[in-house]
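One structure is given below, encoded as C-alpha cells.
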Amino acid sequence: MRLSRYFLPVLKENPAEAQIVSHRYMLRAGMIKQQQAGIYSWLPLGYKVLRRIEQIVHEEQARAGHIALLMPTLQPADLWRESGRYDDYGEEMLRITDRQGRDMLYGPTNEEMITDIFRSHVSSYKDLPLTLYHIQWKFRDEMRPRFGVMRGREFLMKDGYNFDIDKDAALHAYNRHMVTYLRTYERMGLTAIPMRADSGPIGGDDTHEFLVLASTGESEVFYDEAVTQLSLGDRKIDYDNREEVAEVCKEFTTLYARTDETHKEELFNEVPEDRRKVGRGIEVGQIFYFGTKYSDAMGATVQTSDGSSVPVHMGSHGIGVSRLLGAIIEASHDDKGIIWPEGVTPFHCGIVNLKQADDVADTACQDLYDSLVALGLEPLYDDRDARAGEKFATMDLIGLPWRITVGPRGLKNGVVELTSRRTGESEELPPAEAVAKVAAIYAGI
Ligand code: 5CA
C-alpha cells in the first residue's frame, strides 16, 4: 500500500477523552473512530489488525479440531426465556421489538442459540465430541463503557461451545481450550496468565480467566512471579490426548495466580516472598465448564450406546477479539507510539523515501516494494511529499516492527537502512539483503 493513497487519519494532538495509552494511540494512529459511547468504527489500519487477530484465533481453533460457523447478532427472546436468562440478564441486555411486536435482543453471548442448533441436528453420541465456535459482534449495555475498545458496548468476541457425552469428555474440551488460548495469545506476543475465576451470569463451577498484566488493567491480580516465565513455545501438542493436554494445563495453573474475586491470602502467603506479586491485569478471555445447565433447560439430549437418553455436557469459551487490540498496545508501546508484535502487525514493513520525486530514490523504493510483495509480504510505502521527521513520526506512531529507509546518500553506496521499531537499532544493507532479512523474520512467525 502507498500511504499517499491510503486512508490513515493520524491525529497530531492527544485526544482529551482517552485516559489510557492504548485508547490514545488507537485514536491518534487513525485506527478507530467513536460513533457513540462504547461503539466504534474500525478505520482501515485498525480493521487490518482486527483481521490479523481473527486469523490467528481461527488457525489455533482449527488446530484443535474446533469448527467455525456464524450465528446472527439478533436473537429471539423466546430462546432466552427457555433458559431462564431473559429476565435474569438485566440491563446489560439490549432488548428490541420488531414490527410484529416480537421480542428480540442483540446477543451478549450465544449459549442458548448454539444449544438450539445442537438440539435441532444432533441426537446421537456418535456425533460427539463436537466444538462449534464463531467470531461475531456482541452487545452488552455496559454501565461504564471506557478505555476505548477495552470495555465497549459493541465488541467482537470469539465464542466457542463444546458438546460432550459426559463430564470427563467435557473437561477435556475445557483443557483443550485452555491450551489453544495459551497458544493464541503467545502468537500475538502476549503473556496471558490463566487465573481461577468466578462464573457470573454464564454459570458453572470450573472457570478460568486469561489475564495480560498491565498497570491499566481493570482487575486486581495476585500471582507467583514464576508464572510469567511459562511459555508453550513451538512444542507440538496432540489435542486428542487427554493426559498430554491435562498435563500442559497443570503446568500453567499450578503456580498461584488469581484475581481479587477468588484470591485467598493464606494460599498466596505460601508463595516465596520475593516472588509474591500484586498487580493489575486485562481479561482477554474466559473459559467455562457448566455441565448440563443449558441442555437440561432446553432439552438438548443424545442417545448413548446403550440406547438411553442423556443431557449433553457443555462449556463455553470466549476470547475478547476487539479488546485484544487494546491489550496488545498496553503491553507493547513506547512514548512514540505502538510497537506491533510481528504476529499481528497491520503491515509487515514500512518503506520511507527520504527524497520523494528523486528518480533514483523513487525507483529504489518501488523495487523494494515490489520485491517484498513478490515474497508475500505487505509493505506500507510512505511516498508522501513530506519531511523525513514527519514520515518517521508517523511510522513510529503506527508501530510497524520494521522500517526500511531509502535516501540518495545511502543509495550512492548501494545501501538502505533497516530499523527495528522495538530496539531502535539500524543497520545498513544492500536493498536485496534488507528484503531477505525482513522475509526471514516473517517466515518464522
Ligand atoms: N459465553 C462466554 C464465553 S464464550 C462469555 O461470554 N464469556 S465472557 O463474558 O467472559 O466474555 C468473553 C471475553 O469477551 C472476555 O474475557 C473479554 O475479553 C471480552 N469482553 C467481555 N465484555 C467485553 C466488553 N464490554 N468489551 C470488550 N470485550 C469484552
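Taking the empirical scaling 2.2 N^0.38 Å for compact globular proteins as reference, the stretch 349-443 has a Cα radius of gyration ratio of 0.96.
Could you line up I441, I135, I39 from fewest to most neighbouring Cβ atoms inside 10 Å? Mind dumping the intermediate values first?
Numbers: I441 16, I135 19, I39 13.
So the ranking, lowest neighbour count to highest, is I39, I441, I135.
Can you sort M157, M314, M31 so the residue with the fewest Cβ neighbours within 10 Å comes first? Intermediate values should be presented prior to the final figure.
Details: M157 21, M314 25, M31 30.
Least to most surrounded, the residues fall as M157, M314, M31.
Nearest 10 degrees, 0 to 90: what angle lies between the long axis of helix 111-121 and the longest principal axis of the chain (Cα atoms)? Long axis of 111-121 versus the principal axis of the chain: about 70 degrees.
Starting from the Cα-Cα distance between T304 and N413, subtract it from 0.36 nm times their residue separation and give me the gain in nm to one decimal. Separation in residues times 0.36 nm, less the Cα-Cα distance, equals 31.7 nm. List, in the order given, every pair from K158/K391; K391/K412; K33/K391 whose Cα-Cα distance in the structure shown is over 31 Å. Pairs exceeding 31 Å: K158/K391. Close amide H pairs (under 5 Å, H built 1.01 Å from N) link I339 with H333, D334, residues at least 5 positions away or on another chain. Mind checking the angle between helix 431-443 and the chain's longest principal axis? C-alpha axes, 0 to 90 degrees, to the nearest 10. Computed tilt is about 10 degrees. To the nearest ten degrees, helix 359-374 and the longest principal axis of the Cα atoms of the chain are 30 degrees apart. When I193, I237 are arranged by Cβ crowding within 10 Å, least crowded first, meaning fewest neighbours, the order is I237, I193. Remark: the stretch 322-328, residue by residue, has Karplus-estimated 3J(HN,Hα) of 6, 4, 4, 4, x, 5, 5 Hz, where x stands for each Gly or Pro and the curve is 6.51 cos²θ - 1.76 cosθ + 1.60 at θ = phi - 60°. 3J(HN,Hα) along the stretch 418-423: 10, 10, 8, 5, 6, 9 Hz, from the Karplus curve 6.51 cos²θ - 1.76 cosθ + 1.60 with θ = phi - 60°, whole Hz, x for Gly and Pro. What the phi angles of the stretch 211-222 give under the Karplus curve with 6.51, -1.76 and 1.60, with θ = phi - 60°, is a coupling list of 10, 9, 5, 6, 5, 8, x, 7, 9, 7, 10, 10 Hz, glycine and proline written as x. Note on the chain: Cα-Cα pairs beyond 33 Å make up 43% of the total pair count. Applying a DSSP loop filter and a limit of 12 other Cβ atoms within 10 Å to the GluC sites (Glu not before Pro) in the stretch 213-304 leaves E270.
Quick note: the coordinates plus some simple rules give every number you see, no bench work behind them. What you see is a predicted model; the values in this text were computed from it and never measured. Ideal geometry is used to build each Cβ from the backbone, glycine not excepted, and the neighbour counts take in all protein chains shown.
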